[in-house]
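Worksheet: the structure to be examined is printed underneath.
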């Protein structure tokens, strides 16, 4: 059984970054609890054209666990969080950016302060 990652991207309305990040964090917690993900990291890019793009890289215990969650549309029972997340997004991909098996893991975990 190999660790598996799935990466997604979203373009976010500039005035809704805090809303997006809060909803992403809460949604990530709920997905972890309901579907068994190992969590996720969120990355921010300000493109040359001023567009704000976020990329989330979620880690899963294996591809089968991710697939079950993906097939269920990763739905969770928190409609306000889902509405806030969708409201903050100006554009998103209809499929994951990357789906990959982890072969070598040199990332330090638990040693970085949480950014809120």
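So the values come out like this:
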item: Fully extended contour minus Cα-Cα distance, from residue 62 to residue 101, at 0.36 nm per residue; result: 13.2 nm
item: Selected from 51, 31, 89 as most flexible by GNM, with the chain as the system and alpha-carbon contacts under 10 Å; result: 51
item: For segment 1-60 versus segment 66-91, the gap between their alpha-carbon centres in whole angstrom; result: 11
item: Helix-only [θ]222 nm of the chain, DSSP H runs n ≥ 4, -39500 (n - 2.57) each, per residue, nearest 500; result: -10500 deg cm²/dmol
item: Nearest 10 degrees, 0 to 90: helix 17-35 Cα axis against the chain principal axis; result: 20
item: Average Cα contact separation per residue, the chain, under 8 Å, 6 or more apart, as relative contact order %; result: 45
item: FRET efficiency for residue 34 and residue 86, using Cβ-Cβ distance with R0 set to 22 Å, rounded to 0.05; result: 0.75
item: The chain: most fluctuating residue of 69, 93, 84 per GNM, C-alpha cutoff 10 Å; result: 93
item: Packing rank of 8-15, 75-82, 55-62, where each peptide gets the mean count of other beta carbons within 10 Å, highest leading; result: 55-62, 8-15, 75-82
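Each value in this text was obtained by applying a stated rule to the coordinates, not by laboratory testing. Keep in mind the model is a prediction, meaning the values are calculated, not measured. As a convention, Cβ positions derive from the backbone with ideal geometry for all residues, glycine included, and neighbour counts pool all protein chains shown.
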